[in-house]
Amino acid sequence: MKKSIIFGVSVVLFSLASASIAETRYISDKIYVPLRVGDGSKYRIIHRGLPSGEQLELISSNEDSGYSQVRTSKGVEGWLPSHYLTSSPAARSQLEASKKRIEELTTASKELRAQLENTTQNSQETNSVVEELKLENKSLAEELEEIKRISANSIKLDDDNRRLLESNQMLSSEVDVLKTDNARLRENKENEFFLNGAFAVLIGVMVALIVPRMMPKRRSDWG
């Protein structure tokens, strides 16, 4: 059995080494071991052959006959030569297990690669969203500053307008006062003019009455 396994593995390695010059083929090392009712070749076969790599439960061993009693996974008990039993799986089983493990690792690697690509894509999309948010935030900040500036100008204009209205009201009041004073002055001027005229007339009358009286009378030649 060991020579067969070594030979099979050697052939496999040689086939792999010469793959570049010939089409690859593999030689199977699979064998079948009959299961008997007793610990010897004279006993009846109850199972025509267990394939290499079959997992068995060891019940007992007979060193004199070189047979061991085993139980299959299906519960069949029987005897077979002890040299067919090994504590580790056969080379073919190990190879198949390795292939299966390689396939599993390959699948896992593909899945991880796909996840990595998705993660990278999601990261790029996230970065793109972040950049868009930054630009939007900048635009909003600029718009807010513009609103503040307009609001400040509006407040200033409102204050200026309020001050202008107050100034206008004060000026209107002053104009009314000036109008009143002007009317009073005009009235006083008219009164003064009237008084001056009356006084002048009075003086004229007085002059007309007094002056003749003050002048000496001339004597008449006939007197």
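The values are calculated or read from the model by the stated rules, or taken from the named source; none is laboratory data. Just so we're clear, the structure is a prediction, and the values are computed from it rather than from any experiment. Using ideal geometry, Cβ is built from the backbone for each residue, glycine included, and neighbour counts are taken over all protein chains shown. The area values use the complete protein model at the heavy-atom level, side chains included, leaving out ligands, DNA and RNA. Shrake-Rupley method; radii C 1.70, N 1.55, O 1.52, S 1.80 Å.
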Fill in the blank from the handout: For the stretch 99-105, Karplus-derived ³J(HN,Hα) couplings (6.51, -1.76, 1.60; θ = phi - 60°; whole Hz; x for glycine and proline) come out as 4, 4, 5, 4, 4, 4, 5
Problem - Set of aspartates and glutamates with alpha-carbon distance to LYS134 below 20 Å, sequence-local pairs under 8 removed - result: GLU125, GLU142, GLU143, GLU145, GLU146
Completion exercise
Residue-ordered couplings for the stretch 110-123, obtained by feeding phi - 60° into the Karplus form 6.51 cos²θ - 1.76 cosθ + 1.60 and rounding to whole Hz (Gly and Pro as x), are 5, 5, 5, 5, 5, 5, 5, 4, 5, 5, 4, 5, 4, 5
Exercise for the section: Select from the stretch 131-216 those trypsin sites (Lys or Arg not before Pro) which occupy a DSSP coil region and have at most 16 other Cβ atoms within 10 Å, ordered by residue number. Expected result: none
Practice task
Report in % the part of the accessible area of the stretch 48-144 that belongs to carbon and sulfur, leaving out ligands and nucleic acids; probe 1.4 Å.
Solution key: 50 percent
Exercise for the section: Pop out the ³J(HN,Hα) list for the stretch 175-188 in order, Karplus 6.51 cos²θ - 1.76 cosθ + 1.60 with θ = phi - 60°, rounded to Hz; leave Gly and Pro as x. Expected result: 4, 4, 5, 5, 4, 4, 4, 5, 5, 5, 4, 4, 5, 5
Practice task
Can you tell me how much longer the chain between GLU131 and SER173 gets when fully stretched, taken as 0.36 nm per residue apart minus their C-alpha distance, in nm with one decimal?
Solution key: 8.9 nm
Practice task
Hey, can you grab everything whose amide H is under 5 Å from the amide H of SER52? Only 5+ residues off in sequence or another chain; H modelled, so Pro and N-termini drop out.
Solution key: ILE31
Handout entry: FRET efficiency estimate (nearest 0.05) - Cβ-Cβ, GLU63 to GLU104, R0 45 angstrom
Key = 0.65
Problem - Residues of the stretch 37-165: accessible area per residue with a 1.4 Å probe, Å² - result: 80 Å²
